[in-house]
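The values are calculated or read from the model by the stated rules, or taken from the named source; none is laboratory data. Just so we're clear, the structure is a prediction, and the values are computed from it rather than from any experiment. Quick reminder, even Gly has a Cβ in these numbers, built from the backbone with ideal geometry, and neighbours come from all protein chains shown.
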Amino acid sequence: MSAHIVLFKIVMLCYLTASILYLVAVVSRRVKSGILARWVLLGGAIVHLMSLVARFVQLGHTPVTTLNESLSFFAWCLVLIFLIFDLRYRLAVLGAFSSVLALMTMLGSGFAPKAVEPLNPALNSWWFPLHVTLAFLGNAAFAMAFAAGVMYLLQDRMLKSKRFSPLYYRLPSLDTLDNINYRALSFGFPLMTLGIISGAAWAESVWGTYWSWDPKETWALLTWFVYAALLHGRLSIGWRGRRAALFAIIGFACLVFTFLGVNLLLGGQHTFDALLGTP
Amino acid sequence: MKMLVLGLSHKTAPVEIREKVAFSPTAMAEPLRQMLALDAVNEGIIVSTCNRVELYAVSREPDRALLQLKHFLAEYHAVLYEHLEEHLYNYVGEDAIRHVLRVAASLDSMVIGEPQILGQIKTAYGYASEFKTAGLILNRFMHKAFSVAKRVRTETAIASNAVSVSFAAVELARKIFDHLEDKTVMLIGAGEMCELAAKHFINCGVAEVMVTNRTFARAEKLAAEFHGRAVAFENFRDQLHRVDIVLSSTGAPDYVLEASKLAEVIKLRRNKPMFLIDIAVPRDIEPKANKIDNIYLYDVDDLQGVVQSNLKERHKEAAKAEAIIDVEIAQFYRWLSTLEVKPTIVALRNKLEDLRQAEVQKTLSSLGADDKTTKAIENLTRALVNKILHQPTSLLKDAQNLPDGEVYIDAVRMLFALPAPAADEEDEQA
């Protein structure tokens, strides 16, 4: 247990350092700071993976049954997806967004209740880790699309109004941002789709029904439709730029609600209480 | 030894004065020779560009040297000293070092961050080395100045944003399209600025250039020049959907392109963005077009505005450059202050005395000697140290009067690994 806490603290420290370095890289346009940040973040992700594996071995199931565990796992997915995107784009602004979001998610995880309680037998299935991993990786990819979308809107507005704030010099080109949006979508959408399918398969194996319209499922489906509309618009009607950016932002808002809002505000079998078998 | 700078620049002197005291870049031997002939000047470099004329020198008597340099500048160019004096500035010691570093890093230029000045200073230094007027200090210092200028260039974004309208257009295109290699440019009409911008775009490797003009022959001529394709003015609107970047500067009194037409074009392009640059006055492209999604329309004033905000950004980066320079000055100044004779002799004596005492202690404690022996050993070692130090010390004292005396001081510091004086000592000497 204590080893787990030490690892957790190392991860937090890495993400904090990476956040600061990336912010320095963005604000003062220092390239070296961004390079250093990438390595620190990679180090953090490796330690984080070790802690997740350790936790998996300790618990005997994928550690996503409590809010703090799933936040921590999501933070790791986010960092992983960012590092993959970073291979191609090398953008300090995206790094700053990802590392700060990962750090905040980890902080949330640290404050969330940690009680380890007896497990709902429903979790004792290989569908469960598959479902959660696919869904989380998809969410992380959509977070990239969201970040690119916000940056696109800002940059587009500056280029249209011809009033350049210091941000103008620090954001990449519209084309790059639109590209990230598209790539994130083409990563995220299949992952999300498979996540939903595997979730349905899991539900069938446990409850005997593929779909039970619990609030999380409904919201997930709604989110899926938003992204499906965006993908369709992109591929067949030539949507791009501002509209694609807006859709990515709306989609992510739905996603955050599906992920947190439903769990905290609405009920259903996806809540952590239900997962733990305590009413 | 002090660094000093005497000069005038676009900030202090009008071009009428600057052109009178400019040195011909092809005949630097004579002025450099005359400058070094001044008895208070030990080393010298002359930098002469269209925006500044500056003399860099090293001297033990900075006040006298400055006076001599001022008269040299006036007499060499046969200008009345009284006319010149009000335009001159001068810096001594740390201020002189800072000034040269700022000039080399292009912080003192008319357009901050412009790249030519460093090359010009390098050329000036080249002449000084060729005619051997730069000695130990200026050699070391100029290399320092070059490395500082390089650091400023790589570590700050001081030179990264365009400060000319035509380059600003290219940079804007990059902010929209990212890379230009697969883009098509269309020139509507002809105009100097338009052609200049087109050349920049071609240098950036755009895939295709189309030219259209009311006079087809002109379009053909320009197209040949740019290895592009001429399009009849009547038909150019049908080609627009294939064009990513439009440069327009016709003399037409009305709009050549209406917003409604562009809305159609963008639909045809499946929303692929278009960058329109309207350099004409009166304008060629209906301003309303900028409101259409994925169309970015810039007129001359907009581009000027971009240049202004780029300049502002450069000024912000300049603050970072000043911080880099501050650090480098401290380093160089520390080295320069080690080249003083008296502290070097003191440091050398202290070093040998420390060594002597340590060795004597070691020997005495193992020997367990009586008073007499102790005294003898003390005397012996002290005499030895004095004998060893006699020649170097007297040479160092003479070095003050030799033209390249600092070479000896630097050598002694290196041979005996003498530490640089502490900060408070430096202040004393300054």
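When residue A:68 is evaluated against the numbered criteria (1) more than 21 Å from residue A:263 (Cβ to Cβ); (2) assigned to a helix (DSSP H, G or I), which criterion, by number, is the only one it fails?
(1)
The conditions are (1) closer than 30 Å to residue A:128 by Cβ; (2) modelled with pLDDT under 85; (3) out of contact with any Ser or Thr (no Cβ under 7 Å at 6 or more places or on another chain), and residue A:229 fails exactly one of them. Which is it?
(2)
Take the conditions crowded, with 18+ Cβ neighbours inside 10 Å, closer than 20 Å to residue B:305 by Cα, facing chain B (nearest Cβ under 9 Å) and touching a residue at least 24 places away in the same chain (Cβ under 8 Å) and apply them to residue A:171. Does it pass?
Criteria met by residue A:171.
Sort out which residues of region B:343-374 are among the hydrophobic types (A, V, I, L, M, F, W, C) and more than 20 Å from residue B:399 (Cα to Cα), and write them in order of number.
Residues satisfying the conditions are B:352, B:355, B:358, B:360, B:364, B:367, B:369.
Taking only region B:150-172 into account, find how many residues are at the interface with another protein chain (Cβ under 9 Å from one of its Cβ atoms) and either aliphatic (A, V, I, L, M) or more than 26 Å from the chain's Cα centre (by Cα) (or both).
Count: 2.
Tell me which residues, restricted to region A:243-277, are modelled with pLDDT under 85, surrounded by fewer than 19 Cβ atoms within 10 Å (Cβ to Cβ) and out of contact with any Pro (no Cβ under 8 Å at 6 or more places or on another chain).
Passing the criteria: A:260, A:261, A:264, A:265, A:269, A:271, A:274.
Name the pairs: first residue in region A:238-265 and in contact (Cβ under 8 Å) with a residue 12 or more places away in the chain and closer than 15 Å to residue A:142 by Cβ, second residue surrounded by 20 or more Cβ atoms within 10 Å (Cβ to Cβ) and small (Gly, Ala, Ser), Cβ to Cβ under 6 Å, at least 6 apart or on different chains?
A:245/A:149; A:248/A:145; A:248/A:149; A:249/A:149; A:258/A:220
Just a yes or no: is a residue in region B:178-190 over 30 Å from residue A:90 (Cα atoms), touching a residue at least 12 places away in the same chain (Cβ under 8 Å) and surrounded by fewer than 18 Cβ atoms within 10 Å (Cβ to Cβ)?
No, there is no match, as no residue in region B:178-190 is over 30 Å from residue A:90 (Cα atoms), touching a residue at least 12 places away in the same chain (Cβ under 8 Å) and surrounded by fewer than 18 Cβ atoms within 10 Å (Cβ to Cβ).
Just to be sure I understand, how many residues within region B:150-172 are under 25 Å from residue B:294 (Cβ atoms) and assigned to a helix (DSSP H, G or I)?
Of the residues in region B:150-172, 8 are under 25 Å from residue B:294 (Cβ atoms) and assigned to a helix (DSSP H, G or I).
Does residue B:234 meet the test of being farther than 21 Å from residue A:174 by Cα, part of a loop (DSSP other than H, G, I, E, B) and more than 14 Å from chain A (Cβ to nearest Cβ)?
yes
I'd like to check something: does region B:57-71 contain any residue that is farther than 30 Å from residue B:406 by Cα, assigned by TED's automatic domain parsing to the domain that holds residue B:127 and more than 22 Å from the chain's Cα centre (by Cα)?
no
So for region A:36-45 (the condition being surrounded by fewer than 18 Cβ atoms within 10 Å (Cβ to Cβ) and farther than 30 Å from residue B:178 by Cα), does at least one residue qualify?
Yes: one or more hits.
Show the residue pairs that are 6+ apart or on different chains and have beta-carbon atoms under 6 Å apart, the first residue being within region B:296-325 and more than 10 Å from every other protein chain (Cβ to nearest Cβ), the second being charged (D, E, K, R) and assigned to a helix (DSSP H, G or I).
Partner pairs satisfying both residue conditions: B:324/B:151.
Please specify each residue of region B:332-343 satisfying the condition of being touching a residue at least 60 places away in the same chain (Cβ under 8 Å) and part of a helix (DSSP H, G or I).
Those that are touching a residue at least 60 places away in the same chain (Cβ under 8 Å) and part of a helix (DSSP H, G or I): B:332, B:333, B:334, B:335, B:336, B:337, B:341, B:343.
For residue B:163, work out the one condition from (1) more than 23 Å from residue B:304 (Cα to Cα); (2) surrounded by fewer than 19 Cβ atoms within 10 Å (Cβ to Cβ); (3) in contact with a helix residue (DSSP H, G or I) (Cβ under 6 Å, 6 or more places away or on another chain) it doesn't fulfil.
Going through the list (1) more than 23 Å from residue B:304 (Cα to Cα); (2) surrounded by fewer than 19 Cβ atoms within 10 Å (Cβ to Cβ); (3) in contact with a helix residue (DSSP H, G or I) (Cβ under 6 Å, 6 or more places away or on another chain), residue B:163 breaks only (1).
How many of the residues making up region B:173-205 are away from chain A (no Cβ under 14 Å), over 23 Å from residue A:160 (Cα atoms) and not in a helix (DSSP H, G or I)?
Residues meeting the conditions: 4.
With the requirement that a residue be away from chain A (no Cβ under 14 Å) and either at pLDDT 90 or above or farther than 18 Å from residue B:173 by Cα (or both), what does region B:265-287 give you?
B:280, B:281, B:282, B:283, B:284, B:285, B:286
Please work out if residue B:369 is farther than 30 Å from residue B:58 by Cβ and not in a helix (DSSP H, G or I).
Against the criterion (farther than 30 Å from residue B:58 by Cβ and not in a helix (DSSP H, G or I)), residue B:369 qualifies.
Tell me the helices (runs of 4 or more DSSP H) entirely within region B:20-122 that contain at least 3 residues that are in contact with a strand residue (DSSP E or B) (Cβ under 7 Å, 6 or more places away or on another chain).
Per the criteria, B:29-37, B:62-76, B:94-104.
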